[in-house]
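Working notes, structure below.
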Amino acid sequence: MTSGTDTTTFTGTAVVAGTAYAPVVWVRPRPELPGSARTVAEDERDAEFERFVTAADTVADRLTARSAEASGPAAEVLQATAGMVRDRGWRKAVRKNVRGGADAEYSVVQATSKFINMFTAAGGLMAERTTDLKDIRDRVIAELRGEEEPGLPSIDGEAILFADDLSPADTAALDIDHYKGLVTELGGPTSHTAIIARQLNLPCIVAAGREISEITAGTRVMVEGSQGVVYVEPDEEDARRQVRESQERAVKIAEWRGPAQTSDGHRVQLLANVQDSNAARLASETQAEGIGLYRTEMSFLSATEEPSVDDQAALYKKVFDAFPHSKVVVRTLDAGSDKPIAFANMDEEENPALGVRGLRIARQNQSLLTRQLDAIAKAAEGRGEDAPTWVMAPMVATAREAEWFSTLCRERGLTPGAMIEVPAAALMADKIMPHLDFVSVGTNDLTQYTMAADRLSSQLAYLTDPWQPAVLRLIQHTCSVGRDTNTAVGVCGEAAADPLLACVLTGLGVNSLSAASTAIAAVGTRLSESTFKQCQEAAEAALDAVGAVVARESVRKMLVGE
Ligand code: PEP
Ligand code: MG
């Protein structure tokens, strides 16, 4: 928290740009959980379980009905949450507790704890899903007690929603006619809440910290989503002006048409990050010039067995078909760490982010990689010269790894590249690049490993900020080797989705930027407003800054002039 002469501000992690000004509404509190069981007589236990089933069905039906009114990821999240309430394993666990004599409320708490422990132990993305588990537990308990459903209150006017950690189902159900912004104490920029806020284009800040609980309901705040700042009781006239300007900007962004270039014609390819054919189809409806990162592992998170080469090829082809005349960059399985995959990650590891993940898995299991490359080559058959298929390996750290991967790709007629997301790979770029046709900087992991800060930690969000000059210096070095060796350098981490940072990356010499397709127009618009020289000057200022906050501020002043 910062207190200036007139306005108190709170800073969190910026997720969705845009400015909103309205009174605060807090999500309805979660029900108090029973600390012990009420004993249910043996002949009443069947009826007690039925009481649970009725409550759970009501909650599930309500979520399904909301899902029918939503679309895209929001509909999917609501449907998935409804599915969790109907989950047979969870209901069975509740029944076991009720049969043992506990009341329905307490049985729900016990059964859910069991699953929360399992998910937490699995770590990574599974651990993030514990928010959904707590959410369904609380909804069902409120229903059992006849209390109001926890979560979003319905309101008449406009409001900024504040929450400790909003459940994905609540985010998905947000009515944007009334809710103009979203601020959470916890959460990370890659959580489902953040993803849906992006889809809704709702100014959003996460990981704003415990201190925001001081801001009471009804307080007027301004949310500045691009910088991640909440202004408490700002000057009303000034706040309204900023909201107006942000809306005008949104109109300009909606009108932007590619291909992307600076105002003096320096071209930068803008590509989309996708994880499946649905995302690829949505990306093809934007100004994206192709796919810059296809995260193949995302299709296999719940697969227990490796799909056959033919099945994989069919899956990949569906993604490629969304861009029949454009470049597609496929990343081979980035299994491990926060994305464990049953058929790829065999051993428990003490420290999975530094463990056998990404390309490292293939050292022990090369055929897993070669089968995937065969499937990619098969899916790419028949694509024309205007639709090149590039393949890159995640987590490359040495020139030997790059050489080995490159050989396997070239044997199959595929164009090889590597992610630069381990600091060693950036530092050794001169030895790595001669083996490859391109590299793509993964700023999410490059920042995590450079700053030694877990990318999922909300407490360390100030370190896992791609504006960190240490990260930018590694990218600068990568670009300079790219120029010397005539190797294309792209960026595909979240940094590419930040319009000002995109200008800095362009100034550093990056040839392509790949981001969530919803971010592309804002990036393209910002690029079109600066000359290449201005981008280079902005890059110099960011490299020379003492830290991430100063880097961002200096560049904002240089390119936006505020
Ligand atoms: C990255 O690390 O920046 C990246 C693009 O890959 P992922 O986020 O999937 O690890
Ligand atoms: Mg990565």
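Here's the list of lysines a cross-link from LYS134 could span, going by alpha-carbon distance under 18 Å and ignoring same-chain residues fewer than 8 apart: LYS92, LYS114. If the segment from SER528 to MET298 were pulled out straight at 0.36 nm per residue, it would be longer than the present Cα-Cα gap by 79.5 nm. Computed packing ranks the peptides 79-86, 60-67 as 79-86, 60-67, most packed first, by mean other Cβ atoms within 10 Å. Between SER457 and ARG267, the simple label model (points 7 Å from Cα in the Cβ direction) yields a spacing of 4.3 nm.
Taking a point 7 Å from the Cα of SER154 along the Cα-to-Cβ direction, the residues of the stretch 10-38 with backbone N closer than 20 Å to it are 25-30.
Take the Cα of LYS92, step 7 Å toward its Cβ, do the same at ALA217, and the gap between the two points is 4.1 nm.
Rounded to the nearest 0.05, the FRET efficiency derived from the C-beta distance between GLU411 and SER480 at R0 = 22 Å is 0.10.
Of the options LEU559, ILE205, GLN364, report the single residue whose Cα projects farthest towards the positive end of the charge dipole of the chain (beta-carbon charges: Lys, Arg +1; Asp, Glu -1). Selected residue: GLN364. Across the stretch 42-145, C-alpha contacts under 8 Å between residues 6 or more apart give a mean separation that, scaled by the residue count, equals a relative contact order of 31 percent. Mean residue ellipticity at 222 nm, helices only, the chain: -14000 deg cm²/dmol; runs of at least 4 DSSP H residues each add -39,500 (n - 2.57), and the sum is divided by the number of residues. Seen from ALA159, the other residues with C-beta closer than 12 Å to its C-beta sum to a net charge of -2, counting Lys and Arg as +1 and Asp and Glu as -1. For the peptides 261-267, 438-444, 418-424, 21-27, residues were scored by their other Cβ atoms within 10 Å and the scores averaged per peptide; the highest-first order is 438-444, 418-424, 21-27, 261-267.
Loop-located chymotrypsin sites (Phe, Trp or Tyr not before Pro) across the stretch 86-195 with a Cβ neighbour count of 13 or fewer within 10 Å are lacking, with loop assigned by DSSP. In this structure, the pairs whose alpha-carbon distance is over 32 Å, taken from LYS180/LYS533; LYS327/LYS533; LYS252/LYS339; LYS180/LYS318, are LYS180/LYS533; LYS252/LYS339; LYS180/LYS318. Rg and Dmax, both from the Cα atoms of the chain and both in Å, are 24.5, 81.
Across the stretch 432-447, computed HN-Hα scalar couplings (Karplus, 6.51 cos²θ - 1.76 cosθ + 1.60, θ = phi - 60°) run 7, 4, x, 8, 10, 8, 7, 9, 9, 7, x, 5, 5, 6, 4, 5 Hz from first to last residue, x flagging Gly and Pro. In this calculation the C-beta distance from GLU381 to GLU403 is compared with R0 = 30 Å, giving a FRET efficiency of 0.70.
Annotation: amide H-H contacts under 5 Å for TRP26 (H modelled 1.01 Å from N, sequence separation of 5 or more, or interchain): PHE162. Amide H contacts of ALA208 (H built 1.01 Å from N, in plane; Pro and chain starts excluded): THR13, THR184, GLU185, LEU186 sit under 5 Å, all sequence-distant by 5 or more or on other chains. Taking every C-alpha pair closer than 8 Å and separated by at least 6 residues, the mean separation divided by the residue count of the chain gives a relative contact order of 14 percent.
A DSSP coil position with no more than 16 other Cβ atoms inside 10 Å describes the following GluC sites (Glu not before Pro) in the stretch 144-201: GLU147, GLU148, GLU158.
Extension gain for the segment GLU350 to GLN275, taken as residue separation times 0.36 nm less the Cα-Cα distance, is 24.2 nm to one decimal. Selection among ALA379, ALA37, TYR21 by position relative to the dipole of the chain gives ALA379 as farthest towards the positive end (Cβ unit charges, Cα centre). Note on ASP310 and ASP164: their simple-model spin labels are 5.2 nm apart, each label 7 Å out from Cα toward Cβ.
Please report the relative contact order for the stretch 253-559, taking Cα pairs under 8 Å with a sequence separation of at least 6, and give it as a percent rounded to a whole number. Averaging sequence separation for qualifying contacts and normalising by length gives 20 percent for the stretch 253-559. In a reduced charge model with +1 at each Lys and Arg Cβ and -1 at each Asp and Glu Cβ, the stretch 340-491 shows a dipole moment near 180 debye about its Cα centre.
In this Cβ point-charge picture (+1 for Lys and Arg, -1 for Asp and Glu), the chain has a dipole of about 1220 debye about its Cα centre. In this structure, the amide hydrogen of SER514, modeled 1.01 Å from its nitrogen in the peptide plane, lies closer than 5 angstrom to those of LEU271, VAL491, CYS492, counting only residues at least 5 positions away or on a different chain. The DSSP beta bridges internal to the chain are antiparallel in roughly 35% of cases.
Every read-out reported here was derived from the displayed coordinates using simple, explicitly stated rules and does not represent laboratory data. Everything quoted here is computed from the prediction, not taken from an experiment. As a convention, Cβ positions derive from the backbone with ideal geometry for all residues, glycine included, and neighbour counts pool all protein chains shown.
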